[in-house]
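Okay, so here's the structure we're looking at.
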Amino acid sequence: MGFAAFEFLFAEPHYRTQSEPQEKTQANTLNTPKLQTLILLTEMQKLKFLVPISRCLHRNGFVRSFSALPSYTQPDYLQEEEVLVEGRANSRKAILNRPSSLNAVTASMAARLNRLYESWEENSDIGFVMMKGGSQGAFCSGTDVVALYRLLNEGKTEECKAFFESLYKFVYVLGTYLKPHVAIMDGVVMGGGAGISLPGMFRVVTDKTVFSSPEVQIGFHPDVGASYYLSRLPGYLGEYLALTGEKINGAEMMACGLATHYSLKEKLPWIEERLGSLITDDRSVIESSLAQYGSLVYPDGTSVLHEIKKIDSYFCYDTVEEIVEALENKAAESGDKWYATVLNKIKEASPLSLKVTLQSIREGRFQTLDQCLAREYRTSLKFISNKISNDFSEGVRARLVDKDFAPKWGPPKLDDVSDDMVASFFAPLGEVEPELNLPVSVREPDV
């Protein structure tokens, strides 16, 4: 599971598949078993991919074609189960399909998304692309950190590195995508789930959307492009969300610029049907269609955005120690419960993660998306190496595996985290370890 297992954060937590990106999609209208078998055998011979006939015919009689996509941990047919594809005349839709883990992203999912999106971008018959979650309660709960934790325990560090490389490359592809992209972010959107959607052109949220970046609670850092989009929020809201892991809803995402459109959840089928009928690559036509079913919305009276002056006053400091001290002084002086609540959230997190995260957000303000991803890649590899600290493995163990919610952070206090220790998470990887190689010269030649 990914961040879906954060029970302390979330108490509540049949698609037709058209899988081959370079083939024109088609619906199977033939219902006799003999004809189905004949078509299926033809498709398999054409693609040279052998799959048991009974498995394909079991899927309500739909013919499936298969993409030969690379996988670090799973065979191709399981990749296709985790990322389904729905094809229309002029568009494609990627459907994240791991409902048991609220669609947490695995290595094989990241690899498949890369291949699908790259092939769709090259296909002149496809005008635009969409992404959604396949489960009712979630868009995506982030990266599957429990799977990473288990790989690390098995000594498979290289597989973890390959996962981060593949995932970050997908985020860069999405952030520089040549075609309009629509992410339907209904339900839980946590950590990496935001990273695989926010860089796109259109971000649709609903009355059921819940966003958060709780990485510091598991001894990690907000990654997958988080230092880019969080650093660009109004004032010091990005620092506040990153250091506290606080949740915000769809209306708040609209207000602070994380989302482009808001709709009631019940209208999503209409939006998807409308978009599916479009024959266009014109962003203005897509935007008009989204606005047709959109709603004007404002944060309610309890929204944290109404505390933006407080947030700017206390999260503007240069160090985490200064932020905590200022909050403690004000909490003692005013008796306002807001300050105590914020302090408790910060003090539950890994001290090392807090310091690394603050510096990451601050550096992200002056960097491009590719620079943020390259730096986050270094930091992620340093966290999973367990050479400087074991906080990532310990945080996942305490929060998501054993669920004793009593992580033993190392170092245990902010004062024990030295400047040199923090700086090491941002230092180049060195000659032995290659840096993240993004295709900037190809996708952004003017840069």
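If you average 1/r over every pair of different alpha-carbon atoms in the range 176-307 and take one over that average, what Kirkwood value in Å do you get?
Numbers: mean 1/r = 0.0652 Å⁻¹.
With all distinct Cα pairs of the range 176-307 included, I get 15.3 Å.
Quick check: the distance between the Cα centres of the range 291-310 and the range 403-447, to the nearest angstrom? Taking the Cα centre of each part, the range 291-310 and the range 403-447 sit 34 Å apart.
Keeping every protein chain present and rolling a 1.4 Å probe, give me the accessible area per residue for the range 74-211 in Å². Present the calculation step by step, with values, prior to reporting the outcome.
Working: 3620 Å² over 138 residues.
Here the residues of the range 74-211 average 26 Å² of exposed surface.
Amide H contacts for residue 91 (H built 1.01 Å from N in the peptide plane; partners 5 or more residues away or on another chain; cut-off under 5 Å): 127. A cut-off under 11 angstrom between Cβ atoms defines the neighbours of residue 124, and their net charge, with Lys, Arg +1 and Asp, Glu -1, is -3. Here the dipole of the range 76-443 is about 560 debye; that uses its Cα centre as origin and unit charges on the Cβ of Lys and Arg (positive) and Asp and Glu (negative).
Tell me, what is the per residue accessible area of the range 300-379 in Å², probe radius 1.4 Å?
Numbers: 3660 Å² over 80 residues.
Normalised by residue count, the accessible surface of the range 300-379 is 46 Å².
Between 148, 89, 255, the Cα set farthest toward the positive side of the dipole of the range 76-443 (charges on each charged residue's Cβ, about the Cα centre) is that of 89. Partners of residue 156 within straight-line reach, counting lysines whose Cα lies under 25 Å from its Cα and excluding those fewer than 8 residues away in the same chain: 169, 382, 387, 403, 408. If you add up the charges near residue 305, with Lys and Arg at +1 and Asp and Glu at -1, over every other residue whose beta carbon is less than 15 angstrom from its beta carbon, what do you get? Summing Lys/Arg as +1 and Asp/Glu as -1 gives -3. Carbon and sulfur together cover what percent of the accessible area of the range 76-443 at a 1.4 Å probe radius? Carbon and sulfur atoms account for 49 percent of the accessible area of the range 76-443. Oblate is the label for the range 76-443, because the ratio a/c of its alpha-carbon gyration tensor axes (a ≥ b ≥ c) is 1.5 or higher and a/b is not greater than b/c.
Which order do you get for 409, 270 if you rank them by accessible area with a 1.4 Å probe, largest at the top?
On the way: 409 35, 270 140 Å².
Result of the area sort, largest leading: 270, 409.
On full extension, the segment bounded by residue 446 and residue 336 gains 34.5 nm, given 0.36 nm per residue less the C-alpha separation. Extension gain for residue 136 to residue 279 (0.36 nm times residue separation, less C-alpha to C-alpha distance): 48.7 nm. Across the range 279-289, rounded Karplus estimates of 3J(HN,Hα) from the backbone phi angles (6.51 cos²θ - 1.76 cosθ + 1.60, θ = phi - 60°) give 10, 6, 10, 7, 4, 5, 5, 5, 4, 5, 5 Hz, Gly and Pro being marked x.
Placing pseudo-labels 7 Å out from each Cα toward the beta carbon at residue 322 and residue 437 gives an inter-label distance of 4.1 nm.
The values are calculated or read from the model by the stated rules, or taken from the named source; none is laboratory data. Computed from a predicted structure; not experimentally measured. Quick reminder, even Gly has a Cβ in these numbers, built from the backbone with ideal geometry, and neighbours come from all protein chains shown. For accessibility, only protein heavy atoms count, side chains too; no ligands or nucleic acids. Shrake-Rupley method; radii C 1.70, N 1.55, O 1.52, S 1.80 Å.
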